[in-house]
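Encoded as structure tokens, the structure appears first; notes follow it.
The values are calculated or read from the model by the stated rules, or taken from the named source; none is laboratory data. These numbers come from a predicted model, not from an experiment. Cβ placement follows ideal geometry from the backbone for every residue including glycine, while neighbour counts extend to all protein chains displayed.
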Amino acid sequence: MPTALVTGAAGGIGRATALRLAQAGWRCVLVDADAAGLQRLQADWPVGSAAPLARTADLTDPARIAALAQDLPPLDALLNNAGLSAGGAEALAGDEDGTAARLLALNLHAPARLVQALAERLRPAARIVNVASGAGLRAIPWRGLYSPSKAGVIAQTRALARARPGWTVTALAPGFVRTELVQGLIDSGRLHPAQAVGKIPLGRMAEPADMAEALCFLASPGARALTGQLLVLDGGSSVCGGSQALPAARHAPRHFGLPTRLAIHDVRAPHWQASLQALATGTGGEAYDAVVDGAALDAAPGALLATVRASARHFRVRHAHSASLTLLLPRPDAATPWEHAGDLAATHMLVATLAAEWGAHGLRINALAPGDAIDPCLPLLDYMAGARAQFLTGQALQAGA
């Protein structure tokens, strides 16, 4: 039975992730400063799942982090989810009362200290997942040092992946998630959902369960293809510009557990076809529709954008709503003639543009550059294409980057 340690487990994304891991057969070590919240989580623990180990700890205190390693079982995954914001504070504030130092201690320093403290407990092929934020990609003002701290975590993730190549080290950047805190802001009138949703191509906020599905995937051995990378799960908001408000979602999300009814288009290698076909779990009845399209892998020089536009048209005329298109793209090639150098960048921007235009219909589009072998990417493709990733759109990923 695999074991995962989850920080910030008492509420929000951490709570949803711990429950999802338990349902998937993991043994969990639950860490949070909120002892009462941990008790409530344990009271709601899934029947039949392995009993969790609960540890109350203030992760802003290096001594408490060091003490966590005592009496822990070997860990297959460490999920650094605990975090702190500073609503209303300027980035230069917080020195006098210590709030700035506390935020940095939890958001930026605690993930590194946990890895150092638990290094002997982490298995040789362990997965370390750092929960960052879209705020680490674009500055959000008047939240203290929240954006700088999350940008630091993203850089730290990449550096750790280089320093410890045996581990799989990834980061998740959530977008707007309807946690208890966010729901409280809505209920009090301090946050207007329509304004927030107007910036999200998929036309809805994420639920903690969306993030839990992603974190469960990133905690699994199947995340190996993404080591050193950031998975942005924000409904497409980070790739969408413009001042026009986007429409709200016209269709409710499908159930995460639906099988995938997968169609494979223009994948010419027989071995790749057979491997991809194994991802198709929905052969009849209710299922989530998904397409994996490989036409771009055979595009002539300078014809990549036109090829992907044709693939997107083929998908769009066959799917009205609630489906995904995953494009297999070639890797960047330094030998590409300069006059064709804009083709791949234009294609990536087309993916982002279509994500914004299709999102309200629940139609998702992402791209993956798998390299020379498809088999190491199959778990990632299974996640990207299927119902578990319904808040993932507009992303262009590269396996083993």
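Figures for the structure shown
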read-out: Test: Arg15 is assigned to a helix (DSSP H, G or I), within 25 Å of the chain's Cα centre (by Cα), over 27 Å from Asp234 (Cα atoms) and among the basic types (Lys, Arg); value: no
read-out: Qualifying residue in region 276-290 (condition: in contact with a Ser or Thr (Cβ under 6 Å, 6 or more places away or on another chain), modelled with pLDDT of 95 or more and over 18 Å from Ala369 (Cα atoms)); value: yes
read-out: Count of region 199-212 residues which are farther than 18 Å from Gly11 by Cβ, modelled with pLDDT of 95 or more and surrounded by fewer than 23 Cβ atoms within 10 Å (Cβ to Cβ); value: 1
read-out: Residues satisfying the stated conditions in region 58-94, i.e. within 30 Å of Gly222 (Cα to Cα) and surrounded by fewer than 18 Cβ atoms within 10 Å (Cβ to Cβ); value: Ala66, Ala69, Gln70, Asp71, Leu72, Pro73, Pro74
read-out: Selection count, region 39-89, where residues are among the hydroxyl-bearing types (Ser, Thr, Tyr) and touching a residue at least 60 places away in the same chain (Cβ under 8 Å); value: 1
read-out: Residue that is surrounded by the most Cβ atoms within 10 Å (Cβ to Cβ) [pool: residues in region 18-56 that are assigned to a helix (DSSP H, G or I) and of a type in the set (Gly, Ala, Ser)]; value: Ala18
read-out: Verdict on Ala345 being surrounded by fewer than 23 Cβ atoms within 10 Å (Cβ to Cβ), within 22 Å of the chain's Cα centre (by Cα) and modelled with pLDDT of 95 or more; value: no
read-out: Check on Arg158, in contact with an Asp or Glu (Cβ under 8 Å, 6 or more places away or on another chain), under 27 Å from Gln390 (Cα atoms) and of a type in the set (Lys, Arg); value: no
read-out: Residue, surrounded by the fewest Cβ atoms within 10 Å (Cβ to Cβ), within region 161-181, restricted to residues that are part of a helix (DSSP H, G or I) and either aromatic (Phe, Trp, Tyr) or in contact (Cβ under 8 Å) with a residue 24 or more places away in the chain (or both); value: Arg162
read-out: Verdict on Leu185 being among the aliphatic types (A, V, I, L, M) and out of contact with any Ser or Thr (no Cβ under 7 Å at 6 or more places or on another chain); value: yes
read-out: Hits in region 66-94 - residues which are in contact with a strand residue (DSSP E or B) (Cβ under 8 Å, 6 or more places away or on another chain) and either among the polar types (S, T, N, Q) or not assigned by TED's automatic domain parsing to the domain that holds Gly11 (or both); value: Asn80, Asn81
read-out: Extreme residue, surrounded by the fewest Cβ atoms within 10 Å (Cβ to Cβ), among residues of region 361-377 that are charged (D, E, K, R) and touching a residue at least 12 places away in the same chain (Cβ under 8 Å); value: Asp375
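Table: residues versus (1) polar (S, T, N, Q); (2) assigned by TED's automatic domain parsing to the domain that holds Ala69; (3) over 29 Å from Asp76 (Cα atoms); (4) surrounded by fewer than 22 Cβ atoms within 10 Å (Cβ to Cβ).
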site	(1), (2), (3), (4)
Glu96	no, yes, yes, yes
Ala100	no, yes, yes, yes
His109	no, yes, no, yes
Gln116	yes, yes, no, yes
Ala135	no, yes, no, yes
Gly152	no, yes, no, yes
Ala159	no, yes, no, yes
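Here's the yes/no breakdown for (1) assigned to a loop (DSSP other than H, G, I, E, B); (2) over 30 Å from Ser243 (Cβ atoms); (3) in contact (Cβ under 8 Å) with a residue 12 or more places away in the chain:
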site: Ala346; (1), (2), (3): no, no, yes
site: Leu350; (1), (2), (3): no, no, yes
site: Thr353; (1), (2), (3): no, no, no
site: Ala356; (1), (2), (3): no, no, yes
site: Gly359; (1), (2), (3): no, no, yes
site: Leu381; (1), (2), (3): no, yes, yes
site: Thr393; (1), (2), (3): yes, no, yes
